[in-house]
Amino acid sequence: MKKALFILSLSLIALIGKAQTVTSPNGNVSLTFSLDNTRPTYTLSYKDKQVCKPSHLGLELAKEKHASKDFRETDLMDGFQITSTKTSSFDETWKPVWGEWKEIRNHYNELLVNLNQPSSERNIAIRFRVFDDGMGFRYEFPMQDSLSYFIIKEEKTEFAMTGDHTAYWIPGDYDTQEFEYVISRMSEIRGKFDAAWTDNSSRTQFSKTGVQTALQLKTDDGLYINIHEAACINYPTMHLNLDDKNMVFTSWLTPDATGMKGFVQTPFNTPWRTVIVSDDARDILASNITLNLNEPCALDDTSWIKPVKYCGVWWEMIVGRKHWSYTYQYPSVKLGQTDYKNAKPHGIHGATNEEVKRYIDFAAENGLDQVLVEGWNEGWEDWFGHQKDFVFDFITPYPDFDIKMLNDYAHSKGVRLMMHHETSGSIPNYERWMEKAYTLMNKYGYNAVKSGYVGDVLPRGEHHYSQSSNNHYLYCIKEAAKHHIMVNAHEATRPTGICRTYPNWIGNESARGTEYEAFGGSEPYHTCILPFTRLIGGPMDYTPGIFETQLSTWSENTSFVHTTLVGQLALYVTMYSPLQMAADLPENYKKFDDAFQFIRDVAVDWDDSKYLEAEPAKYLTVARKAKGTDNWFVGGKCDADGHTTVLNFDFLDNGAKYEATIYEDAKDAHYEKNPKAYKITKKIIKKGTKLTIKQASGGGFAISVIKK
């Protein structure tokens, strides 16, 4: 017996000092795990270039009471020994319900490291999955007597960078991602932080060097590195805090109202921490690591989930010409009054029967699937900024919105209405009314809802990205699925690929969208960064398609949209989403009906996607093959410097001919000086045809390629 124990001890000693390495299937990515003394550590390399220097792993726990012992403060940072390791490989091809590709390959090599902390008798595991374009890892906590319930004070996952890389970042905040992106060296983040953070009406800040994920980096020697997370379930959203002396990012979790980060019961797995890496920027955009690290679809029936192209009663309110409130500025109605029967409309309520019917007619005439209507329900008079628990009931329409008549009218035209649920951040109230709200949607034939979480989150002290808030968003998705309802959540947490598991989570905002073009505008490079950052986690409801870019031509708003008209068309291809809005007014589209043809034609679901050229914040060009067809759509978008694209159509079928309709900026186009100057040409093309297209400042191009 003593001899057996001695042999076991020698085995443990050998494991403690031995590094474990796993490489990607093609050998380009290499991950090495070891114990730095007794602290878990990893390094990552790509084509023999170091991506992450030795980076520590671990979690700091809050004080706890274990069995009969007194309160104590412990951690899972060091004091570990390796008890076993296991390597394995996995290769599958799966079909998403909707997406950029008809099929997705999930191919990786895995290293599982089992660890024991003798001082606490606790066991944890760290699971690494290494793909050809990066890796993901997570902490796993098996059920055990010594670690049953615990509180996470902070996660201490490190990403140690090899130098002062260029970063494409937005400041750390627990409640919003709606910032303009900053491009700077990592060492410059501290100096630029205040200006970036105060640019928005943010409420929470944790560090002068804190940034949000997905974080895009570029090294001086040409590596593109993206840091994010996947499958953030029952856990707070991760930010990154930078030690700018040593160039080390450390995870920083969103706290709850108590100041703690997570409440855990074993068995439990954290979200995956992901690093995507390549020497070709196109590979970052084409990566499926985030989706592949999520669980397969949990829904037995997905036949009711359909991508959507829609318009809606929205942009006029955003610009300021109309309003969500029925009684806005009507003096005879007092604040908070809910009896509107004797009140006369003021003339600028957006969601009226007449206005909604106008949008329904427009959708029917142009092949759009749905019409979003915001401001249809009671409560908009006193909804914002007071952290009120009860504001909306989500079932009571205003007097000038006949819910039955309008849905009947829409269905008679082959169109659906899209529901809108603004929660005003009151999570308890929304959950209180959710079943009735979804049942009302079923009654009138709605199958999609745009939800919103504007304002401070209730319960008071909670944040938009805390563990409990993230649990709420997923609860909404699961409950909506029972009613065959698709969800497009705005102001919710940023996506982490959960749409693979619950594909009725068809869209999110979670970034600075088109609405900010009415609030002063976004830089032309903004939409050339978002695919490298926000869209890494999942599709965005960006609401593109603004043709009348000078808002003063039809309103009192003096802002302008910081793209050319053709640049707006490009977004339907470059900003992937199964939920795409034609966001401008019907009358504005009628002015440019020939250009609107591209919006009529462009698909919202795809069998294949080709990223043809890309550089963060500069330009990107994408070709996509429409689902179930032989037709392709190509989009290119650039920053204020403009860009010349040389397109090679080598992705087309051999021997086939195609009619290409090319929408491009006119020679004198400019996003500010001449945004609506464009030209449309048609050409017969085939495999190998080359086209040279010059994009204007802040411009782009769009091409429909229809097989003859």
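Of the helices (runs of 4 or more DSSP H) lying entirely inside segment 238-321, those containing at least 1 residues that are under 30 Å from residue 371 (Cα atoms) span 289-292, 315-319.
Only one of the numbered conditions (1) in a loop (DSSP other than H, G, I, E, B); (2) open to solvent by less than 10 Å² (accessible area, probe 1.4 Å) is violated by residue 488, and that is (1).
Cβ separations smaller than 7 Å between residues 6+ apart or across chains give the following pairs from segment 121-135 residues that are closer than 16 Å to residue 271 by Cα to residues that are of a type in the set (D, E, K, R) and part of a strand (DSSP E or B): 124/140; 125/140; 127/110; 127/138; 127/140; 128/110; 129/110; 135/129. Give me the residue from segment 658-708 that is small (Gly, Ala, Ser) and part of a loop (DSSP other than H, G, I, E, B) and, out of that set, surrounded by the most Cβ atoms within 10 Å (Cβ to Cβ). Looking at residues that are small (Gly, Ala, Ser) and part of a loop (DSSP other than H, G, I, E, B), I get 699.
Annotation note: of 466, 426, 522, 451, the sole residue that is within 24 Å of residue 583 (Cβ to Cβ) and touching a Lys or Arg at 6+ places or on another chain (Cβ under 9 Å) is 522. Restricted to segment 169-200, and to residues there that are under 19 Å from residue 520 (Cα atoms) and touching a Pro at 6+ places or on another chain (Cβ under 7 Å), the residue that is modelled with the lowest pLDDT is 197. Being among the hydroxyl-bearing types (Ser, Thr, Tyr) and closer than 15 Å to residue 503 by Cα is the filter; apply it to segment 272-321 and report the residue that is least open to solvent (accessible area, probe 1.4 Å). Going through the qualifying residues, I end up with 290.
Looking only at segment 149-203, residues that are assigned to a loop (DSSP other than H, G, I, E, B), among the hydroxyl-bearing types (Ser, Thr, Tyr), under 30 Å from residue 36 (Cβ atoms) and open to solvent by 30 Å² or more (accessible area, probe 1.4 Å) come to 1 in all. Residues in segment 377-405 that are among the basic types (Lys, Arg) and at pLDDT below 95: 1 in all. Look at segment 551-572: where a residue is farther than 17 Å from residue 515 by Cβ and open to solvent by less than 20 Å² (accessible area, probe 1.4 Å) and a partner is of a type in the set (Asp, Glu) and modelled with pLDDT of 95 or more, sitting 6+ places away or on another chain with Cβ atoms under 7 Å, you get 564/665; 566/664; 566/665. For segment 574-633, taking the residues that are in a helix (DSSP H, G or I) and aliphatic (A, V, I, L, M), the one that is surrounded by the most Cβ atoms within 10 Å (Cβ to Cβ) is identified as 599. Of the listed requirements (1) in contact with a Gly (Cβ under 9 Å, 6 or more places away or on another chain); (2) polar (S, T, N, Q); (3) without any contact (Cβ under 8 Å) to a residue 60 or more places away in the chain, residue 439 misses just one: (1). If the condition is being open to solvent by less than 20 Å² (accessible area, probe 1.4 Å) and either closer than 20 Å to residue 599 by Cβ or not in a loop (DSSP other than H, G, I, E, B) (or both), then segment 520-535 contributes 526, 527, 528, 529, 530, 531, 532, 534. On inspection, residue 411 does not qualify as closer than 18 Å to residue 450 by Cα and modelled with pLDDT of 95 or more.
Filtered by the rule that a residue be aromatic (Phe, Trp, Tyr) and more than 21 Å from residue 224 (Cα to Cα), segment 163-196 gives 174, 179, 193. Residues in segment 396-431 that are part of a helix (DSSP H, G or I) and free of Cβ contacts under 8 Å to residues at least 40 places away in the same chain were compared, and the one that is surrounded by the fewest Cβ atoms within 10 Å (Cβ to Cβ) is 412. Close contacts from segment 204-232, counting a first residue that is farther than 11 Å from residue 284 by Cβ and a second that is of a type in the set (Asp, Glu) and surrounded by fewer than 19 Cβ atoms within 10 Å (Cβ to Cβ), with Cβ to Cβ under 8 Å and a gap of 6+ residues or different chains, come to 208/194; 209/243; 209/244; 222/279; 231/295. Of everything in segment 82-137 that's small (Gly, Ala, Ser) and open to solvent by less than 20 Å² (accessible area, probe 1.4 Å), which residue is nearest to residue 605 (Cα to Cα)? Per the criteria, the residue is 99.
Do we find a residue being touching a strand residue (DSSP E or B) at 6+ places or on another chain (Cβ under 6 Å) and of a type in the set (Gly, Ala, Ser) anywhere in segment 542-564? The answer is no, given that none of the residues of segment 542-564 is touching a strand residue (DSSP E or B) at 6+ places or on another chain (Cβ under 6 Å) and of a type in the set (Gly, Ala, Ser). Could you check segment 634-657 and list, in sequence order, the residues that are outside any strand (DSSP E or B), of a type in the set (A, V, I, L, M, F, W, C) and within 17 Å of residue 619 (Cα to Cα)? Listed by number, the list holds a single entry, 640. Filtering segment 498-506 for residues that are assigned to a helix (DSSP H, G or I), open to solvent by 10 Å² or more (accessible area, probe 1.4 Å), at pLDDT 95 or above and over 16 Å from residue 96 (Cβ atoms) leaves an empty set.
Among the residues of segment 433-469, those that are assigned to a helix (DSSP H, G or I) and either farther than 26 Å from residue 236 by Cβ or of a type in the set (A, V, I, L, M, F, W, C) (or both) comprise 433, 434, 435, 436, 437, 438, 439, 440, 441, 442, 443, 444.
How many of the residues in segment 371-421 are polar (S, T, N, Q), more than 22 Å from residue 435 (Cβ to Cβ) and in contact with a Leu (Cβ under 7 Å, 6 or more places away or on another chain)? Qualifying residue count for the region: 1.
The values are calculated or read from the model by the stated rules, or taken from the named source; none is laboratory data. None of the values given here were measured: they were computed from a predicted structure. Note that each Cβ is placed from the backbone with ideal geometry, even for glycine, and that neighbours are counted across all protein chains shown. Each accessible area value is taken on the protein alone, full model and side chains, heavy atoms only, with ligands, DNA and RNA left out. Shrake-Rupley method; radii C 1.70, N 1.55, O 1.52, S 1.80 Å.
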